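Novice: Below is one structure. I have some questions about it.
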Number of protein chains: 4
Amino acid sequence: MNFRSDNTAAAAGEIMAALAAANDGRAPSYGEDALTKRVTQRFCELFETDVSVFLTATGTAANAISIAALTDPWGAVLCHREAHIETDECGAPEFFSNGAKLVLIGGPAAKIAPDGLREALTRNQRGVHSVLPQALSITNATERGGAYSPEDVAALSEIARGANLGVHMDGARFANAVAHLKCSPADLTHRAGVDVMSFGATKNGALGAEAVIVFNKARVGDVARLRKRSGHLLSKHRFVAAQMDAYLANGLWLTLAQRANRLAARIAEAAGDWLSHPCESNNVFIKPGPEILTALRAAGAEFYDWVGEGSGEARLVVSWDQKEDEVAKLVAQFAKLKH
Amino acid sequence: MNFRSDNTAAAAGEIMAALAAANDGRAPSYGEDALTKRVTQRFCELFETDVSVFLTATGTAANAISIAALTDPWGAVLCHREAHIETDECGAPEFFSNGAKLVLIGGPAAKIAPDGLREALTRNQRGVHSVLPQALSITNATERGGAYSPEDVAALSEIARGANLGVHMDGARFANAVAHLKCSPADLTHRAGVDVMSFGATKNGALGAEAVIVFNKARVGDVARLRKRSGHLLSKHRFVAAQMDAYLANGLWLTLAQRANRLAARIAEAAGDWLSHPCESNNVFIKPGPEILTALRAAGAEFYDWVGEGSGEARLVVSWDQKEDEVAKLVAQFAKLKH
Amino acid sequence: MNFRSDNTAAAAGEIMAALAAANDGRAPSYGEDALTKRVTQRFCELFETDVSVFLTATGTAANAISIAALTDPWGAVLCHREAHIETDECGAPEFFSNGAKLVLIGGPAAKIAPDGLREALTRNQRGVHSVLPQALSITNATERGGAYSPEDVAALSEIARGANLGVHMDGARFANAVAHLKCSPADLTHRAGVDVMSFGATKNGALGAEAVIVFNKARVGDVARLRKRSGHLLSKHRFVAAQMDAYLANGLWLTLAQRANRLAARIAEAAGDWLSHPCESNNVFIKPGPEILTALRAAGAEFYDWVGEGSGEARLVVSWDQKEDEVAKLVAQFAKLKH
Amino acid sequence: MNFRSDNTAAAAGEIMAALAAANDGRAPSYGEDALTKRVTQRFCELFETDVSVFLTATGTAANAISIAALTDPWGAVLCHREAHIETDECGAPEFFSNGAKLVLIGGPAAKIAPDGLREALTRNQRGVHSVLPQALSITNATERGGAYSPEDVAALSEIARGANLGVHMDGARFANAVAHLKCSPADLTHRAGVDVMSFGATKNGALGAEAVIVFNKARVGDVARLRKRSGHLLSKHRFVAAQMDAYLANGLWLTLAQRANRLAARIAEAAGDWLSHPCESNNVFIKPGPEILTALRAAGAEFYDWVGEGSGEARLVVSWDQKEDEVAKLVAQFAKLKH
């Protein structure tokens, strides 16, 4: 019963097969290959608009490049207090942006509410003495298993745009958000005001493949050089392209996310009043207290306390390759402990 | 009745005279002059220990250089939410440190309490995924007119040292803190665990003279190169040295601060229950509400709303050269409005 | 006849097989997996000493992290004028080191000679006004197909060490150097004074796998955080580890390089007096003039002018998977054109 | 006979008097004062166009801010191999620009020739793999005592503009260049294609006062925030403004430079065939060999070997306050040694 992280999952068979197929003789390097062109084409179709695509091997790279492309070094990036860019990237956004400041906003389910955003914008308004708010970064699905709807995103983007901020979406689990919301990728992003996003595949079935998707070229800086200069332009680029190509083909990205979400929903339903946040993706948060968590672990469940030891709260991540019987066993444990 | 800022004050006569005296023929540049040597000697005497001294023209430079000398780019600097380094330096600490993160702590009077510090240290403990707490920065006197006592500083330093953090003191108004506490500069700094400080003279009578004082050479990085590389090594160095020399001579620094504190205390006493923070330096904070503030302005008083328009709170800064009758007039207005 | 770059080569079958084998259920993320441990063990054996190993997906990352781990922002990195870190990484070393300066040295075959190194060390000696030489970076095999012998490396390291510089080796084509020199990896690196190296696998058969190898932990900074902060810690780390594991197993790394070198030597021999640098790896440089290059292209050969259009010089890179008949065809063309 | 550096000179009486006059009660801080406004007005008149003015206390700050305002972190700054920004600022341009690369060009008298600039532009043209040339920086007068004429500047600017580079002039000794060329400041700068300059006063009579002058607002970035973030916005700004105000009033800047140039010319004439570069400002370079230099020192002359001990070449800097009899004594020594 391993619910630690979707980073511990395997790679999907379709993606492994695509890698093998791509390994066919010579191919131009640094993204000049045919597979890379096809991936860009697929993203244009997926988002129903002309986009620029920059593949990387990690989500931290995709996030930090995106943010650096929206801010000056003296800029401020508004994000949720629990955002991955704040808590888990060792200061990568600060590094890539050459020292921009992350201004933190609270809110349940790791979601930013319009009022929270408005309040944060009033900070740092001392002219040249303050850093300059230049970007809003939201994570969808969030680090607490929540999902912003297209309307949620549009409401935040409108406020951001009014203050002349660019909008970034960290889509490390974008597929899970779309699977939950049943909306179109276009509606959830550029039509709702997103300028640039990190589109993740790694957690949801790839080996290591992420994309910076630029929707609004006028607002987003020199991503090509940001990527190269940070060492994230892969030389044998076809191999990251092959992963993303297979991920996008035949709706694989969505199929895998739907499966994970479905199993997560089953856990959430079983958790009942233990649930500490609504389950709107593949991450389930429960807060049954330390004793119950100890009992679950004794029964063989693996997961992280969230946040920190002794919190009495747990994060249960369902991966694309989670076994049905792992979920069934966990649900059975819930029932037993609740009894 | 100008209580806007001690940055609007003039320079003290003794300091102007010292400048004129220093302008005597040729002198070695870049700090090789005799006045600079004498300043270092004076600081060693003032702090009763061997210190390294690096003069600069601005407090932001002194702060940012100090912080950069304590942290790696992936470091975290723990400071109060209202610290000048967070709110008023346009991200200078981030710039000089190449992207370290400021981790914010609350607390009344812009003072950090031991519990607040302990709690902040528990954040960012996700190993390589987190930034690494490396420095504590405290301001004395604080941005809200408070003063840390030697015991306060020692308590925080002990916690910091236990977590392997260096300790920086922003002493832009250090003289006002010492004048209030009636302690020795040594007791308030290195004997209480401070590794490096910014020692301010500009607000309290100089034209533009600040010093980075290194107490703990083992913990503090290459300040000399940090200063040069950031353009803060003055070529005609004798002129900044002359200011600091006169400031330290004959206790001028303390005399000027004592005067400002005395006048501030008079305002604080008159403010009575309007006082929003204890007055422990030359800054007085009152919160009589927006109407009273409007009335005070109508009567000719100048000051900033703190923080932000409509807060109903005001910061009243008494400068070293504040006229007695300005204070008398303000106090009279207080009495009239309270009546 | 594609001799453009070893970056256009495919991945070796052994490495593809290892990837497939690694895709077996769950595995701990971020390098806590068993394969990563085995790779470290293999490197310790290969270099006959205890080393720290940090895998990345690109050589630019490995180089820039290594260099940043040897220098302060005000440091200088001495390297050859034609070094990849100078010419082809979009300023990555400057980015990762937060602004260190590359000080350039000339020399045939893109090799630094001891005198060139000594001369460069005399530059930048104006105390705090200069940047501070802190690192020497050499590429082995070089960007011009040359190889530093263990004695060459030791001679440079001794000079570097005498000036308190750390020593980095860019080993993007380390295997080709070892194959040529027939020496032990240990003799060519740490026994010759190298503190940290970039060990490349990508060009020589991997999909995307490089390693920062730390020999001298006392001299080399926090590579773990440099890697994470720059987005180069892969989450599904087993997949990069699997590549490197297979690359090191059974001497595959050396076998592939030997093959490429052998074919390159055949081309070099055929080139005769066209050869512009001795061929000591898998890269052959010829300078037969623009007309001959045009004729070669007309006959179907693909390669880059080096450096720049119209130079009359060409770089011919032989990849691990170069077909024998491609080489034979090229050699035949040479003979025809020389006739 | 102190010819070490104009940084060892005193401050002019007019400037000291202006400081004293500025010390008159309260004044708004951070550049909101009346003197600062007057300085901007004076610069607009001096350059016969509308300019933005940002005062700083050091020339390194003015240079590094200017350069950062013209380049991205992945930019390249083309400059002479002997430029102050390359040799004497401890990497400040790299720091302020967050890692841009200085691409070096040779040429006599520390002057860049059009061909040298054209050649340098052909380097770094590997697309995303190279840094991107974005700025040309020229020093006028140069570090070797030369002066670029308006025609010289225009020729370089035209090439720079053709390659989409911004143009910066380091005018630490701009007054000496103008005094030599007898041209208008406008003709030597914006009319010749300069976008931003560092206008120096410190060496030529101020205590510490320099200005970033922006001619071309469309090309030059956010200087205000670059200055604040680097700690170079002085709080008691009137005191730097007072210096610059007096420096510009009544042509003081030019008068002082004319005097220094006149004395330098006298030395140059006496030097005769020792002269190693034409003397076109207040710096005289002679190369009489080590023995003569030893003899000059024995006779009481102070100066730096240029560049480096044993070069047999010397830099003789004449300051605005150089005594006539110092020059006479030196000239007499020349005659004696030449005899």
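Novice: Over the Cα atoms of chain B, what radius of gyration and what Dmax do you get, in Å?
Specialist: When restricted to Cα atoms, chain B yields Rg and Dmax of 19.9, 62 Å.
Novice: Checking buried surface per residue: for the range C:221-263, which residues lose a minimum of 50 Å² accessible area in the protein assembly relative to the chain alone (1.4 Å probe)?
Specialist: Residues of the range C:221-263 that lose at least 50 Å² of accessible area once the other chains are added: C:225, C:228, C:229, C:231, C:236.
Novice: Calculate the tail of P(r) for the range A:17-84: the fraction of all Cα-Cα distances greater than 21 Å, expressed in %.
Specialist: Details: 1063 of 2278 pairs.
Distances greater than 21 Å cover 47 percent of the Cα pairs.
Novice: Could you run the Debye sum over the Cα atoms of the range B:1-156, one equal point scatterer each and no solvent, and tell me log10 of I(q)/I(0) at q = 0.17, 0.19 Å⁻¹, two decimals?
Specialist: -1.16, -1.29
Novice: Relative to the compact globular guide of 2.2 N^0.38 Å, what is the alpha carbon radius of gyration of the range B:151-198, as a ratio? Each step should come with its number before you reach the end.
Specialist: On the way: Rg = 10.5 Å, N = 48, 2.2 N^0.38 = 9.6 Å.
Normalised by 2.2 N^0.38 Å, the Cα Rg of the range B:151-198 equals 1.10.
Novice: Here's another thing I want to ask about it. With a ≥ b ≥ c taken as the square roots of the eigenvalues of the C-alpha gyration tensor of the range A:219-304, please select rounded if a/c is under 1.5 and otherwise prolate if a/b is larger than b/c or oblate if it is not?
Specialist: prolate
Novice: Give the whole-number value, in cubic angstrom per residue, of the convex hull volume spanned by the C-alpha atoms of the range B:144-284. Working shown, then result.
Specialist: Numbers: hull volume 17.8 nm³, N = 141.
Each residue corresponds to 126 Å³ of Cα convex hull volume.
Novice: Something else: Give the nm distances, rounded to one decimal, from residue C:307 to the matching residue in every other copy, measuring between label points 7 Å along Cα toward the beta carbon; shortest first.
Specialist: In ascending order, 2.0, 4.7, 5.0 nm.
Novice: While we're looking at this one, here's another question. Could you give me the radius of gyration and the Dmax of the range C:95-146, taking only the C-alpha atoms into account and expressing both in angstrom?
Specialist: Cα radius of gyration and Dmax of the range C:95-146 are 12.6, 38 Å respectively.
Novice: While we're looking at this one, here's another question. Assuming R0 = 60 Å, what is the FRET efficiency of residue D:118 and residue B:222, from their Cβ-Cβ distance, to the nearest 0.05?
Specialist: Efficiency for this residue pair is about 0.95.
Novice: Can you tell me what percent of all Cα-Cα pairs in the protein assembly as shown are more than 60 Å apart? Spell out each step's value before the answer.
Specialist: Working: 165179 of 918690 pairs.
Of all Cα-Cα pairs in the protein assembly as shown, 18 percent lie more than 60 Å apart.
Novice: A follow-up question, please. Are any of the pairs B:228/D:228; A:228/C:37; A:37/A:217; D:101/D:228; B:236/D:323 more than 26 Å apart by Cα-Cα distance, and if so, which? Please report the intermediate quantities before stating the final value.
Specialist: Working: B:228/D:228 17 Å; A:228/C:37 29 Å; A:37/A:217 18 Å; D:101/D:228 23 Å; B:236/D:323 19 Å.
Correct reply: A:228/C:37.
Novice: Hey, which residue of D has the C-beta nearest the axis mapping D onto B, and what's the distance in Å?
Specialist: Closest to the rotation axis on chain D: D:57, 2.
Novice: Using amide H atoms built in the peptide plane, which far-off residues or other-chain residues are under 5 Å from residue C:286 H to H?
Specialist: For residue C:286, whose amide H was placed from the backbone, the distant partners under 5 Å are C:276, C:314, C:316.
Novice: Using unit Cβ charges (K, R positive; D, E negative) and no other charged atoms, how large, in debye to the nearest 20, is the dipole of the range B:104-165 about its Cα centre? Write out the running numbers ahead of the final one.
Specialist: On the way: 6 positive and 6 negative charges, 48 e Å.
Result for the range B:104-165 is approximately 220 debye, rounded to the nearest 20.
Novice: I've got another one for you. What whole-number value in Å² describes the accessible area per residue of the range C:48-183 for a 1.4 Å probe? Present the calculation step by step, with values, prior to reporting the outcome.
Specialist: On the way: 3680 Å² over 136 residues.
Value for the range C:48-183: 27 Å² per residue.
Novice: I'd like the distance between the alpha-carbon centres of the range B:272-315 and the range C:31-83, rounded to an integer number of Å.
Specialist: Between the Cα centre of the range B:272-315 and that of the range C:31-83, the gap is 57 Å.
Novice: For the D and B pair, go ahead and give the buried accessible area with a 1.4 Å probe, both sides summed, in Å² to 100.
Specialist: On the way: alone 14390 and 14380 Å², together 24800 Å².
About 4000 Å² of accessible surface is lost on pairing.
Novice: Further question: Just how much of residue D:38 is accessible, in Å², when a 1.4 Å probe is used and the result is rounded to the nearest 10?
Specialist: 120 Å²
Novice: Of A:232, A:270, A:316, whose Cα points farthest to the positive end of the dipole of the range A:225-320 (charges on the beta-carbon: +1 Lys, Arg; -1 Asp, Glu; origin at the Cα centre)?
Specialist: A:232
Novice: Which value results for Rg/Rh of the range D:255-335 when Rg is the Cα radius of gyration and Rh the Kirkwood radius based on the inverse mean 1/r?
Specialist: Working: Rg = 11.7 Å, Rh = 12.5 Å.
In the range D:255-335, Rg relative to Rh is 0.94.
Novice: Taking amide H positions as placed 1.01 Å from N in the peptide plane, with prolines and chain starts having none, which residues 5 or more places from residue C:102, or on another chain, fall under 5 Å of its amide H?
Specialist: C:77
Novice: Follow-up. By DSSP, what percent of the beta bridges with both residues in the protein assembly as shown are antiparallel, rounded to the nearest 5? Don't skip to the answer; put the middle values down first.
Specialist: Working: 68 of 144 bridges.
So the antiparallel bridges amount to about 45 percent of the total.
Novice: Based on DSSP, what percent of beta bridges with both residues in the range D:95-241 are antiparallel, to the nearest 5?
Specialist: Numbers: 5 of 14 bridges.
If we restrict to bridges inside the range D:95-241, about 35 percent are antiparallel.
Novice: Counting only protein heavy atoms, probe 1.4 Å: which residues of the range D:123-141 lose 40 Å² or more of accessible surface in the full assembly compared with their chain by itself?
Specialist: Relative to the lone chain, where solvent access is computed with a 1.4 Å probe, the range D:123-141 loses at least 40 Å² at D:126, D:128, D:129.
Novice: While we're looking at this one, here's another question. How would A:182, A:101 line up by accessible area, probe 1.4 Å, largest first? Before the final figure, lay out the partial values.
Specialist: Values: A:182 175, A:101 10 Å².
Final ranking, largest accessible area leading: A:182, A:101.
Novice: Helix-only mean residue ellipticity at 222 nm, chain D, DSSP H runs n ≥ 4 weighted -39,500 (n - 2.57), per residue, nearest 500. What is it?
Specialist: Details: 14 runs with 139 residues, N = 339.
Theoretical 222 nm ellipticity from helices: -12000 deg cm²/dmol.
Novice: Ok, one more. Would you mind finding the longest exposed-site-free stretch of chain A, with exposed GluC sites (Glu not before Pro) meaning DSSP loop and at most 16 other Cβ atoms within 10 Å?
Specialist: On the way: sites that count: A:32, A:48, A:309.
Counting only loop sites that pass the neighbour cut-off, the longest clear stretch is A:49-308.
Novice: How long are the semi-axes of the equivalent ellipsoid of the range B:276-315, defined as square roots of 5 times the Cα gyration tensor eigenvalues? Whole Å, largest first. Present the calculation step by step, with values, prior to reporting the outcome.
Specialist: Values: eigenvalues 56, 26, 14 Å².
Over the Cα atoms of the range B:276-315, the semi-axes work out to 17, 11, 9 Å.
Novice: Once Rh is set to the Kirkwood radius over Cα pairs, what Stokes-Einstein translational diffusion coefficient, in µm²/s, holds for the range A:83-213 at a temperature of 25 °C and a viscosity of 0.890 mPa s? Let's see the in-between values first.
Specialist: Numbers: Rh = 15.2 Å.
Stokes-Einstein gives a translational diffusion coefficient of 161 µm²/s.
Novice: Nearest 5 percent is fine: what portion of the DSSP beta bridges confined to chain C is antiparallel?
Specialist: Numbers: 17 of 36 bridges.
Roughly 45 percent of the DSSP beta bridges within chain C come out antiparallel.
Novice: Rounded to the nearest 20 Debye, what is the dipole magnitude of the range B:40-110 about its Cα centre when Lys and Arg each give +1 and Asp and Glu each give -1 at the C-beta? Don't skip to the end; give the middle numbers.
Specialist: Details: 3 positive and 9 negative charges, 22 e Å.
Here the range B:40-110 has a charge dipole of around 100 debye.
Novice: Given a 1.4 Å probe and every protein chain left where it sits, what share in percent of the accessible area of the protein assembly as shown is carbon and sulfur?
Specialist: On the way: 22500 of 43780 Å².
Exposed carbon and sulfur together represent 51 percent of the surface.
The values are calculated or read from the model by the stated rules, or taken from the named source; none is laboratory data. Given the structure is predicted, the values throughout are model-derived calculations rather than measurements. Ideal geometry is used to build each Cβ from the backbone, glycine not excepted, and the neighbour counts take in all protein chains shown. Ligands, DNA and RNA are stripped out before the accessible areas are found, and what is left, the full protein with its side chains, is counted by its heavy atoms. Shrake-Rupley method; radii C 1.70, N 1.55, O 1.52, S 1.80 Å.
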